[in-house]
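Enquirer: Please find one structure pasted underneath; my questions will follow.
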Amino acid sequence: MPKILIVDDESVLRETLSDWLQKESYNTETAITGEEAIEKNKNNKFDIAIVDLKLPGIDGIEVLRRLKKMNPEMPVIIITAYASIETAVEAMKQGAYDYFVKPFNLEEVSLVIKKIIEHQKLITENIALREQLRERYSFENVIGKSQKMQEIFKLIEAIADSNSTILIQGESGTGKEIIARAIHQRSSRANRPFITVNCAAIPENLLESELFGYEKGAFTGAIQTKKGRFELANGGTLFMDEITDMKPNTQVDLLRVLQEREFRRVGGGKLIPIDVRIITSSNKNIEEEVASGNLREDLYYRLNVISIQLPPLRERREDIPLLVQHFLKKYSKKTNRVIKGMSKEALELFTRYNWPGNVRELENVIERAVILGKDEFLMPNDLPRIIKEVKKDKPHYPPNKSLGEVEKEYITNVLQETGWNLSKTAKTLKINRTTLYNKIKKYKIKK
């Protein structure tokens, strides 16, 4: 129960205020002088102090200074007569939380104290959450207390020191590169290079030279020898993102490197041996890519020695508060803003939203909110409209709708939520892509 110190030499006001607050379920202690208040504060931990400006002995301003020096986080409310409002303003500059002019409304005092208590509770909850985040659920910048993430942490520990190739699968934004880095940092290769390459971002005619390097004069513009990503990663780890976007010819070259552990630079004749841990990733359904011929089957078996499937954020919602605190701390420091946490209402919106962009989307939303937020706690109005308008309850379908109408509406909603990403939609609906295609055709669903 919150404890409040009341300091006033007027006995009627002092006792009236104390009785009122006790009826509001607060514990109170009173003091007649500033010296008595300071002495009581030495032996007690008060949540709030209410101090009259005009006191016998040291005045209210000096009491304020000493109380704040002893407990900087304790809010101090000033009581003042009309004639001393200028002094009250000075008290605000010295760190007073608020002030009341005599005679004041006791209900207004209750409202301010309630606001302070709620604010203090929010700060306490966020501090506890940050400690929990730091101590229990962080793993090389990967955050999660959910069972799925804890299982992945255990798997990383088990495989980190092996040299086997690893395939990480998961939707965009789930943190595949972060997992790859965590594996590297936990391995005996941690002090060696961690090199990345996005196979989807490099044109086919350049990817070979990016991976294997080239000799001087190998082609027009090759004015000097250049090492490729494999050579740069020698002794360490090479992370190849979006592996299913690699073209067939380059897939053959990669398969040869995985088998022989050696390669030639473009335009070169010398075989260069390598010792590299290969980690690959994809946001697509690998089996479907193999079946469709986009990924060689023999290469798939070489890459998929150890498989890690990252869950989308909507399947590990209990991790959202931890991620929120992590990114709040990151972007508060980066932007020099004092953001202490997020209101319960805003956090509830976060946990209800489906996060089609996963952790990356959540991070972007936090960054935006930290920049645009006007208070030290993020509120619902600081969030994008798409999150503020998320429905609390699942859609209710009237009983007069047919099963087909309900199915069509549900499929349409999921398609819109995923931006018509058919792989994501099929996973969410727990059906294969062929079935999804047939249902889109059957119900004549249009983009």
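The values are calculated or read from the model by the stated rules, or taken from the named source; none is laboratory data. If you're wondering where the values come from, they're calculated on a predicted model, not measured in any experiment. Glycine gets a Cβ as well: all are built from the backbone with ideal geometry, and neighbour counts include every protein chain shown.
Enquirer: Out of the stretch 150-177, which residues are aliphatic (A, V, I, L, M), in contact with a strand residue (DSSP E or B) (Cβ under 7 Å, 6 or more places away or on another chain) and outside any helix (DSSP H, G or I)?
Expert: Listed by number, the residues that qualify are Ile166, Leu167, Ile168.
Enquirer: Shifting gears a bit: Go through (1) of a type in the set (A, V, I, L, M, F, W, C); (2) part of a strand (DSSP E or B); (3) surrounded by fewer than 18 Cβ atoms within 10 Å (Cβ to Cβ) and name the single condition Leu238 misses.
Expert: (3)
Enquirer: Could you please give the count of residues in the stretch 178-212 that are in a loop (DSSP other than H, G, I, E, B), among the aliphatic types (A, V, I, L, M) and within 15 Å of Met240 (Cα to Cα)? Steps first, please.
Expert: So the first thing to find is which residues in the stretch 178-212 are in a loop (DSSP other than H, G, I, E, B), and the list is 187-193, 199-203.
From what's left, among the aliphatic types (A, V, I, L, M): 190, 200-202.
Checking the rest, the ones that are also within 15 Å of Met240 (Cα to Cα) come to 200-202.
Going through the stretch 178-212 one residue at a time, the tally reaches 3.
Enquirer: Would you point out the residue of the stretch 299-315, among those that are closer than 11 Å to Gly144 by Cβ and buried (at least 21 other Cβ atoms within 10 Å of the Cβ), that is nearest to the chain's Cα centre (by Cα)?
Expert: Applying the filter and picking the extreme gives Leu313.
Enquirer: Being among the basic types (Lys, Arg) and either farther than 22 Å from Thr250 by Cβ or more than 21 Å from the chain's Cα centre (by Cα) (or both) is the filter here; which residues of the stretch 171-211 pass it?
Expert: So in the stretch 171-211, the residues among the basic types (Lys, Arg) come out as 176, 181, 186, 189, 192.
If the condition is that a residue be among the basic types (Lys, Arg) and either farther than 22 Å from Thr250 by Cβ or more than 21 Å from the chain's Cα centre (by Cα) (or both), then Arg181, Arg186, Arg189, Arg192 are the ones that fit.
Enquirer: Since Glu73 meets every condition but one in (1) surrounded by 16 or more Cβ atoms within 10 Å (Cβ to Cβ); (2) within 19 Å of Ile116 (Cβ to Cβ); (3) not hydroxyl-bearing (Ser, Thr, Tyr), which condition does it not meet?
Expert: (1)
Enquirer: So which of Tyr397, Tyr410 is among the hydroxyl-bearing types (Ser, Thr, Tyr) and either modelled with pLDDT of 90 or more or assigned to a loop (DSSP other than H, G, I, E, B) (or both)? Explain how you work it out, then say what you get.
Expert: Working: Tyr410 fails: either modelled with pLDDT of 90 or more or assigned to a loop (DSSP other than H, G, I, E, B) (or both).
From the options Tyr397, Tyr410, the qualifying one is Tyr397.
Enquirer: Please specify each residue of the stretch 194-207 satisfying the condition of being touching a residue at least 24 places away in the same chain (Cβ under 8 Å) and touching a helix residue (DSSP H, G or I) at 6+ places or on another chain (Cβ under 6 Å).
Expert: Scanning the stretch 194-207 gives Phe194, Ile195, Val197, Cys199, Ala200, Leu207.
Enquirer: Sticking with this structure for a sec: Say we look at the stretch 402-425 and pick out the residues that are within 16 Å of Asn438 (Cα to Cα) and among the polar types (S, T, N, Q); which of these is surrounded by the most Cβ atoms within 10 Å (Cβ to Cβ)?
Expert: Ranking the qualifying residues of the stretch 402-425, first place goes to Thr425.
Enquirer: Yes or no: the stretch 210-218 includes at least one residue that is closer than 18 Å to Asn163 by Cα, buried (at least 20 other Cβ atoms within 10 Å of the Cβ) and hydrophobic (A, V, I, L, M, F, W, C). Don't jump to the end; show me each part of the working.
Expert: Here is the first cut: in the stretch 210-218, the ones closer than 18 Å to Asn163 by Cα are none.
No: the stretch 210-218 contains no residue that is closer than 18 Å to Asn163 by Cα, buried (at least 20 other Cβ atoms within 10 Å of the Cβ) and hydrophobic (A, V, I, L, M, F, W, C).
Enquirer: Tally the residues that are assigned to a strand (DSSP E or B) and surrounded by 21 or more Cβ atoms within 10 Å (Cβ to Cβ), restricting the search to the stretch 2-21. Reasoning before the result, please.
Expert: Taking the stretch 2-21 and keeping what is assigned to a strand (DSSP E or B), we get 3-7.
If we keep only those that are surrounded by 21 or more Cβ atoms within 10 Å (Cβ to Cβ) too, we end up with 4-7.
Adding up the residues that qualify gives 4.
Enquirer: Here's something else I'd like to know. Give the residues of the stretch 307-325 that are under 26 Å from Ile279 (Cα atoms) and assigned to a helix (DSSP H, G or I), sorted by residue number.
Expert: First, the residues of the stretch 307-325 that are under 26 Å from Ile279 (Cα atoms): 307-316, 319, 323.
If the condition is that a residue be under 26 Å from Ile279 (Cα atoms) and assigned to a helix (DSSP H, G or I), then Leu313, Arg314, Glu315, Asp319, Leu323 are the ones that fit.
Enquirer: Between Lys344, Lys340, Lys333, Lys329, which is basic (Lys, Arg), closer than 15 Å to Val365 by Cα and not assigned by TED's automatic domain parsing to the domain that holds Gly170?
Expert: Lys329
Enquirer: Of all residues in the stretch 22-55, how many are under 13 Å from Asp8 (Cα atoms), among the acidic types (Asp, Glu) and surrounded by fewer than 21 Cβ atoms within 10 Å (Cβ to Cβ)?
Expert: Result for the stretch 22-55: 3.
Enquirer: If you check Leu303, Leu310, Leu255, Leu349, which single one turns out to be in contact with a Leu (Cβ under 7 Å, 6 or more places away or on another chain) and in contact (Cβ under 8 Å) with a residue 60 or more places away in the chain? Before you say what the answer is, go through the steps one by one.
Expert: On the way: Leu310 fails: in contact with a Leu (Cβ under 7 Å, 6 or more places away or on another chain); Leu255 fails: in contact (Cβ under 8 Å) with a residue 60 or more places away in the chain; Leu349 fails: in contact (Cβ under 8 Å) with a residue 60 or more places away in the chain.
Exactly one of Leu303, Leu310, Leu255, Leu349 is in contact with a Leu (Cβ under 7 Å, 6 or more places away or on another chain) and in contact (Cβ under 8 Å) with a residue 60 or more places away in the chain, namely Leu303.
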